[in-house]
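**Q** Below: one structure in structure tokens.
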Protein chains: 2
Amino acid sequence: MSKEITSRAQDYSQWYNDLVIKGELADYSAVRGCMVIKPYGFALWENMRDALDKMFKDTGHVNAYFPLFVPKSLFEAEEKNAEGFAKECAVVTHYRLKTDPNNKGKLMVDPEAKLEEELVVRPTSEAIIWNTYKTWIQSYRDLPILVNQWANVVRWEMRTRLFLRTAEFLWQEGHTAHATKEEAIEETVKMLHVYADFVENWMALPVIKGVKSESERFAGAVDTYCIEALMQDGKALQAGTSHFLGQNFAKAFDVKFSNKENQLDYVWATSWGVSTRLIGALVMAHSDDEGLILPPKIAPLQVVIVPIYKGDEQKKIVDEKADEILANLKSLGVRVKYDDNDNTRPGWKFAEYEKKGVPVRITLGARDLENSHVEIARRDTREKELIHTDGLAQYVDGLLRTIQRNMYDKAKQYQQEHITEANSKEELIELLDNKGGFISAHWDGTPETEEAIKDATKATIRCIPLDNKQEAGVCVWSGKPSAQRVLFARAY
Amino acid sequence: MSKEITSRAQDYSQWYNDLVIKGELADYSAVRGCMVIKPYGFALWENMRDALDKMFKDTGHVNAYFPLFVPKSLFEAEEKNAEGFAKECAVVTHYRLKTDPNNKGKLMVDPEAKLEEELVVRPTSEAIIWNTYKTWIQSYRDLPILVNQWANVVRWEMRTRLFLRTAEFLWQEGHTAHATKEEAIEETVKMLHVYADFVENWMALPVIKGVKSESERFAGAVDTYCIEALMQDGKALQAGTSHFLGQNFAKAFDVKFSNKENQLDYVWATSWGVSTRLIGALVMAHSDDEGLILPPKIAPLQVVIVPIYKGDEQKKIVDEKADEILANLKSLGVRVKYDDNDNTRPGWKFAEYEKKGVPVRITLGARDLENSHVEIARRDTREKELIHTDGLAQYVDGLLRTIQRNMYDKAKQYQQEHITEANSKEELIELLDNKGGFISAHWDGTPETEEAIKDATKATIRCIPLDNKQEAGVCVWSGKPSAQRVLFARAY
Ligand SMILES: [Zn+2]
Ligand SMILES: [Zn+2]
């Protein structure tokens, strides 16, 4: 079965695609660059979304919904933001089709239904939201506004990859408004920590928290904070960003409030987002050549029970035991399924659930049951053991927690082994080419050097870690003085 | 306070708008025909969505996500469906903006980034989904497919009204695939019952279940089932539809499966949807001239506690009691808030929460508390009573159930009083003009008569009720023979 999955060693990129498609997370669609998220993949996303949504609400945020379309005149109001996204905008220009007089049964765009002003399909919603906030905010009493939106966005991409880079993707975007700069920065950092907490504790994926260099900033932001994760091929992946927007959008949309001293001031802003891209990170960070490995806390299915029997008599015994185990596991809140489909053989099922990354498989063999045993297989380590049926549910519940922790520990060890110091240009290149991971190196702080490094090595500054050690040195590239090391990596 | 809301008698349509905007459910946006769903309105939608989502999952459905865009060639494949929606399609024709050389700081559509094939922003997803199902379905073993999608859709409308008719709206669309006609019809009817169950038991709004006449069918359907609700002005509102699509989409997209006899056959389809339009129905069916009245089961806030006190000493006593009541209500799962904001006076708060339709208000007066009393105000009847604080939480929890039932009963009584038989053209017109509601009348079954009635009276056939009594008669309009009465109404 696992034959259908290309191995990492053979072709890492194809391995990733195989996992996504054969693990039934998503598939290509008839629309260039857009994907179909299949039920299994969407159930995974629902678990991620629900956990995040609760974290947002627990930190005082509420959800709302803003229009899909942004009129061009609003879109261009914040110039840097507009420039940053202009090249990847899907644009609605007409609002009607009509029957094509020259082509029976076909439709054509009705030239008489041309919009006076074109509508941009939102690539991000700062513009439409700040244009709305203008009507919501008059006084400091209206602040803060702590709003989040779950939505689809579109960024036209020429080279797309399932989950990692698609023209349309699903995400959440928080957009908050504050009376002071300090409060806005505090919010920006708070949400970065929320993201790190989620990715580490739910997705079992350690991240590095930091700030982007100027050239990697979100278009329109004063500062972009990010969490960076490491994939198994040594490449980094930006897993979430939180932006301090200063008063840029307030100025672009003229959003002022009267403060406690009754003076008018521009409102301070943040925005922050994570997307279905996280699923790509999850797949690439944890999986193996047999298929997906999903962390129990977000796995759509945590435990699958597969029966092995011959004849009706054995089937009856196995079914009864399965019902009991199912009930016990469900009462502990475990997401479990009994797969007694007799169209497929146990071996096929084993491979199928391995491919789909189900954390625990319980094999109910009629023979083992005679001795009150069942076989438990862990997906993460692929270890199997015979376990007594007494207290089985508690054991499995504990095992799910062990797997969650083990997946994190393994990824954390990989991450720590892949943060390496480089003290010369040659070392930087050598490490990028032969080891990968994050390279901690001195940088002179200029965009010119950053670009030179990118052009020569394809590596970018992933971030300047929070609470970075200040340490005088010389830039690995320019030899100029440097105040601190930053993290370089090739990235998705 | 309630002065800001136009009364129903004065201007029903303005009353509705006032409720939506001043009740903070939604607002107009800068995008023609698109609305902003505000946090309070979105919390209401979340409660509705979560309840429905659970009902879908309990009936075996799973969620997935399909692309926002439909290539024109796919869109036009099912001709009737395409024709039905062609006139209201937003169309993406370009994928890039560029700086406008003649207009500093402005952007323009880049003429060099014209799409080879235009993309329709989905008005509904049958086309893109059935094009996908083609790759999912080979054998009867792949069936049924029971998939639902929560999504935004766009139908360009010239005359828009918040929630009731907007260019973009949120909805769910179920799309199922079956091996037999019988199974597909069963699914269609099952989901109609799910919708009726939800609207009646969660939204407290009685509906009539029925089948649409041919001319009111969904474009591309063999049969459209619907639930019809009645608003306070006597107009009907279609609250949900469930379509039996026959093999129309399977034929348009060539989706065949091999059945148990190993013969190839086209797959049978259904689709069904409800949208944020339901919020419009909710508002219009239940509210009064003071504001919204929300059913407890879906109200974002079920209980608000408002303190009345003078001085710090009284405040302390009131706060302590509030904490106790809050804790008790929360332990019963009640959504409750203590509003001790001292920037606004109690009278202002009373009006504010009435306007927002919070089902129960508890007034904690320092004086009443001396006698262990609090004042409870019901939003639905606007009755007030003094209640002992002993067992208060249980009392309020029970009261929420009472309110839910009372709202349904009241709406049910209104509905039953507004189903009237008409036995002549004159009676039909007279009832439509002076009483409203559903008019049960004989119809000869022809689209011609249906259209004549619509042209003359603006009333349409809302549905032929399920299990309709077969009763020979003569058509009220044409005088021709009729086999049954159908329900006419003017509708939103
Ligand atoms: Zn043993
Ligand atoms: Zn009393």
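Any read-out appearing in this document is the output of simple, stated calculations on the displayed coordinates, not a laboratory observation. From a predicted model like this one, the values you see are computed outputs, not experimental measurements. Cβ placement follows ideal geometry from the backbone for every residue including glycine, while neighbour counts extend to all protein chains displayed.
**Q** Which of the residue pairs B:Lys72/B:Lys114; A:Lys114/B:Lys458; A:Lys54/B:Lys22; A:Lys134/B:Lys98; A:Lys315/A:Lys349 have a Cα-Cα distance greater than 20 Å in the structure shown?
**A** Violating the 20 Å limit, Cα to Cα: A:Lys114/B:Lys458; A:Lys54/B:Lys22; A:Lys134/B:Lys98.
**Q** From the label point of B:Asn406, set 7 Å from Cα along Cα→Cβ, how far away are the matching label points in the other copies, in nm, ordered shortest to longest?
**A** 5.8
**Q** Please state, rounded to one decimal and in Å, the Kirkwood hydrodynamic radius that the stretch B:418-489 gives when every pair of distinct Cα atoms enters the mean of 1/r.
**A** 11.8 Å
**Q** Moving to a separate point now. Once phi is turned into ³J(HN,Hα) by the Karplus curve 6.51 cos²θ - 1.76 cosθ + 1.60 with θ = phi - 60°, what whole-Hz value does each residue of the stretch A:231-236 show in order, with x for glycine and proline?
**A** 8, 5, 8, x, 8, 8
**Q** If one takes the longest principal axis of the Cα atoms in chain A, at what angle in degrees, from 0 to 90 and to the nearest 10, does the Cα axis of helix A:126-136 lie?
**A** 70 degrees
**Q** Which of B:Thr389, B:Thr241, A:Thr188, A:Thr344 comes first, and how do the rest follow, when ranked by fewest Cβ neighbours within 10 Å?
**A** So the ranking, lowest neighbour count to highest, is A:Thr344, B:Thr389, B:Thr241, A:Thr188.
**Q** Helix A:346-355 against the longest principal axis of chain A: what's the angle in degrees, Cα atoms only, rounded to the nearest 10?
**A** It is inclined by approximately 20 degrees.
**Q** Give me, ordered by chain and number, the residues 5 or more places off A:Val274 or on other chains with an amide H under 5 Å from its own placed amide H.
**A** For A:Val274, the qualifying residues are A:Gln172.
**Q** How far is B:Glu183 from itself in the other copies, in nm, if each label sits 7 Å out from Cα along the Cα-Cβ line, shortest first?
**A** Those separations, rounded to one decimal, come out as 5.8 nm.
**Q** Quick check: the distance between the Cα centres of the stretch A:181-201 and the stretch A:215-291, to the nearest angstrom?
**A** Result: 10 Å between the Cα centres.
**Q** What ranking do B:His388, A:His94, A:His286 get, fewest neighbouring Cβ atoms within 10 angstrom at the top?
**A** B:His388, A:His94, A:His286
**Q** Let me ask you something else. Could you compute the net charge surrounding B:Ile403? Neighbours are other residues with a C-beta less than 13 Å from the C-beta of B:Ile403; K and R count +1, D and E count -1.
**A** +4
**Q** While we're on this one: Take the Cα coordinates of the protein assembly as shown, assign each an equal point scatterer, and use the Debye formula without solvent to give log10 I(q)/I(0) at q = 0.05, 0.10 Å⁻¹.
**A** Ignoring solvent entirely, the Cα scatterers give -0.35, -1.40.
**Q** Distance between Cα centroids, the stretch B:386-461 to the stretch A:73-152: provide it in whole Å.
**A** The stretch B:386-461 and the stretch A:73-152 have Cα centres spaced 39 Å from each other.
**Q** Also, quick follow-up: At a Förster radius of 45 Å, what calculated FRET efficiency corresponds to the Cβ-Cβ distance of A:Asn371 and B:Thr381, to the nearest 0.05?
**A** Taking R0 as 45 Å, the efficiency between A:Asn371 and B:Thr381 is 0.10.
**Q** Further question on the same structure: Taking Cα pairs under 8 Å and at least six residues apart, what relative contact order does the stretch B:136-277 come out at, in percent?
**A** 28 percent
**Q** Still on this model: Copy-to-copy spacing for B:Asp27, label 7 Å out on the Cα-to-C-beta vector, in nm, shortest first?
**A** Relative to the other copies, B:Asp27 has label-point distances of 4.4 nm.
**Q** Oh, and also: For chain A, how big is Rg over Rh, using alpha carbon atoms and the Kirkwood form of Rh?
**A** Expressed as Rg/Rh, it is 1.03.
**Q** When a footprinting reagent is the concern and you count Cβ atoms within 10 Å, what order do A:Glu4, A:Glu116 take, fewest first?
**A** A:Glu116, A:Glu4
**Q** Among all stretches of chain B without exposed trypsin sites (Lys or Arg not before Pro) (DSSP loop, at most 13 other Cβ atoms within 10 Å), which one is longest?
**A** B:1-103
**Q** Which whole number gives the average, over all residues in B:70-81, of C-beta atoms from other chains lying within 10 Å of the residue C-beta?
**A** Partner-chain Cβ atoms within 10 Å, mean over residues of B:70-81: 3.
**Q** May I pose another question? For A:Lys410, which lysines qualify as cross-link partners when the Cα separation must be under 17 Å and same-chain residues fewer than eight apart are set aside?
**A** A:Lys235, A:Lys297
**Q** From the residues A:Ala184, A:Ala351, A:Asn328, which one has its Cα farthest along the dipole of the protein assembly as shown in the positive direction, the dipole being from +1 and -1 charges on Cβ of Lys/Arg and Asp/Glu about the Cα centre?
**A** About the Cα centre, the residue reaching furthest to the positive side is A:Ala184.
**Q** Now for a separate question. If the cut-off is a Cα-Cα distance under 17 Å, which aspartates and glutamates reach B:Lys190, setting aside same-chain residues fewer than 8 apart in sequence?
**A** Straight-line reach from B:Lys190, under 17 Å: B:Asp53, B:Asp58, B:Glu173, B:Glu182, B:Glu200, B:Asp223, B:Glu228, B:Asp467.
**Q** So what's the net charge close to A:Tyr266: Lys and Arg +1, Asp and Glu -1, counting the other residues with Cβ under 12 Å from its Cβ?
**A** After counting each charged neighbour, the total is +2.
**Q** Translational diffusion coefficient, Stokes-Einstein: compute it for the stretch B:303-399 using the Kirkwood radius over C-alpha pairs as Rh, at 25 °C and 0.890 mPa s, and state it as an integer in µm² s⁻¹.
**A** 184 µm²/s
**Q** Once you average over the residues of A:117-123, how many Cβ atoms of partner chains fall within 10 Å of each Cβ?
**A** 4
**Q** Can you give the three extents of the C-alpha atoms in the stretch A:336-492 along their principal axes, from longest to shortest, in whole Å?
**A** 74, 31, 21
**Q** Each residue of the stretch B:191-203 in turn: what ³J(HN,Hα) in whole Hz from Karplus with 6.51, -1.76, 1.60 and θ = phi - 60°, glycine and Pro shown as x?
**A** Karplus-based 3J(HN,Hα) across the stretch B:191-203 equals 6, 4, 5, 4, 4, 4, 4, 5, 5, 6, 8, 9, 8 Hz.
**Q** Can you tally the net charge around A:Ser478? Count Lys and Arg as +1, Asp and Glu as -1, for every other residue whose Cβ sits under 12 Å from the Cβ of A:Ser478.
**A** That sum, taken over residues with Cβ under 12 Å, equals -2.
**Q** Compute the convex hull volume of the Cα atoms of the stretch A:202-299, divide it by the residue count, and report the result per residue in Å³ as a whole number.
**A** Taking the convex hull of the Cα positions in the stretch A:202-299, it is 132 Å³ per residue.
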